[in-house]
1. Looking for whichever is over 12 Å from Gly354 (Cα atoms), without any contact (Cβ under 8 Å) to a residue 12 or more places away in the chain, assigned to a helix (DSSP H, G or I) and of a type in the set (A, V, I, L, M) here; the options are Ala449, Ala463. Which one fits?
2. Among the listed residues Leu319, Leu326, Leu330, Leu392, which satisfies the condition of being surrounded by 14 or more Cβ atoms within 10 Å (Cβ to Cβ), assigned by TED's automatic domain parsing to the domain that holds Pro419, within 40 Å of the chain's Cα centre (by Cα) and modelled with pLDDT of 85 or more?
3. Conditions: (1) at pLDDT below 85; (2) surrounded by 13 or more Cβ atoms within 10 Å (Cβ to Cβ); (3) outside any helix (DSSP H, G or I). Pro284 meets all but one. Number of the miss?
4. Could you tell me whether Arg267 is at pLDDT below 80 and part of a loop (DSSP other than H, G, I, E, B)?
5. Pairs only if they're at least six apart or on different chains, beta carbon under 8 angstrom, first in region 47-59 and modelled with pLDDT of 85 or more, second among the hydroxyl-bearing types (Ser, Thr, Tyr) and part of a helix (DSSP H, G or I); list them, first residue then second.
6. Take the residues in region 179-197 that are crowded, with 19+ Cβ neighbours inside 10 Å and under 28 Å from the mean Cα position of the chain (by Cα), then tell me which one is modelled with the lowest pLDDT.
7. In region 413-446, how many are free of Cβ contacts under 8 Å to residues at least 24 places away in the same chain and either among the small types (Gly, Ala, Ser) or part of a loop (DSSP other than H, G, I, E, B) (or both)?
8. Within region 130-151, can you find the residues that are among the basic types (Lys, Arg) and either outside any helix (DSSP H, G or I) or in contact with a Leu (Cβ under 8 Å, 6 or more places away or on another chain) (or both)?
Amino acid sequence: MFHERPPQKYQQLSSDRARRAVWASLLPRRRRMALRIGISTALLLADLVTILAVGFAVEAAYYTYSTDGGLLPPSQSMNLQTAGLLALIVVLTNLARGEYSIETCLSATPHLRRRATLWLMAWTIALLVGFATKTTQDASRVATVAFFFAGLPITILGRALMLALVRRGSTSASASVSRVHLVGYEEDVANFYANNDVEALGLRIVGTSYLRRFDAEAGAPSAEALLAEDLDLAVSVVRFLRPDDVFVLVPWTETADIERCIDAFLRVPAALHLRPGTMMDRFPDLQVARVGRLSGINIGRRPLSMGEILLKRAFDVTLAGIGLLLLAPLFIALAVLIKLDSPGPVFFRQRRYGFNQEAFGVFKFRSMRVTPDAPFRQASRNDDRITRVGALLRRTNLDELPQLLNVIRGDMSLVGPRPHALAHDRSFERRIALYARRHNVKPGITGWAQVNGFRGETLTDAAMEARVQADLHYIDNWSLWLDMTIIFRTVVSPKAYRNAF
């Protein structure tokens, strides 16, 4: 049967004018579609203007300080042409992804990661276009680099500002938010209100249709007749209120009732949704996907797509190769110091679990004295096995540098969850939930956990849980920009050296 919160005041109103105002508030408002289109257009224009403005500002600054102050006309300015191309790529990509819709603005989507990835992709395309048209030599290297590094934080800041404005204005009283009608049994509707802050959902609930529970002793024909009666009434209410979306809150286990609800509400011009629940809340990217001809509910994608894997691998090989060439003299010097400090090999190799829990041999500069046949024991503060040179290597993280060889071989990545000894992996996997998810990506020389101070000896399960949570955050929020940020912080952040011994 029908129930809606605003009409509860309906009987208390004395004048017909006041009653008409209550009902009018439930009906679609005029120019609502124009308002939503206006908001989306404003978001699009904000992206366009921000990118063009940054390009113009960099161009102006470059020619002001490097020449006599005269700006080139737009037809000759490579920076302004690049800005136009970047703006076109960003806007068209965001249009294709639905980034300018109000629903996307209100979602918990990691906007920062998506923005950074799109910026890198747009610049890659722009550079390829410049290479293909042989125009890259006409561009100022200084202005181009300045545009790249200045554009990303400014466009992210602009996007954050626009999102804040949209979210602030998207209250249940706003004419731009989606109008929703709920259908379900009384207890399910009550649970929905109990588990959701309606004001924070970015929508407006304009009506609720309750379905009656039937006596278990009642016959099937009478039960079906009563359900049909409730659904007919609910459909009539939906036709009157004209909501944008109808949510069926009937539990998924009651498939017959859900089928009847679907058949009933497919007859009305509104988007139809099945019940949101704890499973959907746990997996925010839930969607229907096809694998071959088989359809299913996709609750999680692979940690990295094929394109992201190739991009990350190219980044790893390039930086690791450059690093090995530049650090070759340091490698030689450290090898000599290690040999002079204590007898034994220069490199220390130990079996670790990598991607998909496949074991590999990790390279490190040896920082401890060689003790043949000694049982495994985790390094600890003031460990008497650590040599003098080894103590220096561990405090400065230089003992990890040979893992660049593991990166070239494909065993590791520059950034990822740090690999632990096999004995630790087996032990913690049994005691810490989702610990094994760390192996869904390649291990790294450094990682999000390390630059946040989660490193060194793990004396308690709580310490390891904090490290695991940081690793899972990295897996779920990967981007090339995040990798570059972690590498930078590994070098300069004091937290990256915390608990190093």
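The values are calculated or read from the model by the stated rules, or taken from the named source; none is laboratory data. Since we're looking at a predicted model, the values are computed, not measured. FYI the Cβ positions are ideal-geometry reconstructions off the backbone, even for glycines, and counts take in every protein chain you see.
1. That would be Ala463, the only listed residue that is over 12 Å from Gly354 (Cα atoms), without any contact (Cβ under 8 Å) to a residue 12 or more places away in the chain, assigned to a helix (DSSP H, G or I) and of a type in the set (A, V, I, L, M).
2. After ruling out the rest, the residue left standing is Leu319.
3. Going through (1) at pLDDT below 85; (2) surrounded by 13 or more Cβ atoms within 10 Å (Cβ to Cβ); (3) outside any helix (DSSP H, G or I) one by one, Pro284 breaks only (2).
4. No: the conditions fail for Arg267.
5. Asp47/Thr155; Thr50/Thr155; Ile51/Thr155; Val54/Thr155; Gly55/Thr82
6. By that ranking, first place goes to Arg179.
7. 2
8. Scanning region 130-151 gives a single hit, Lys134.
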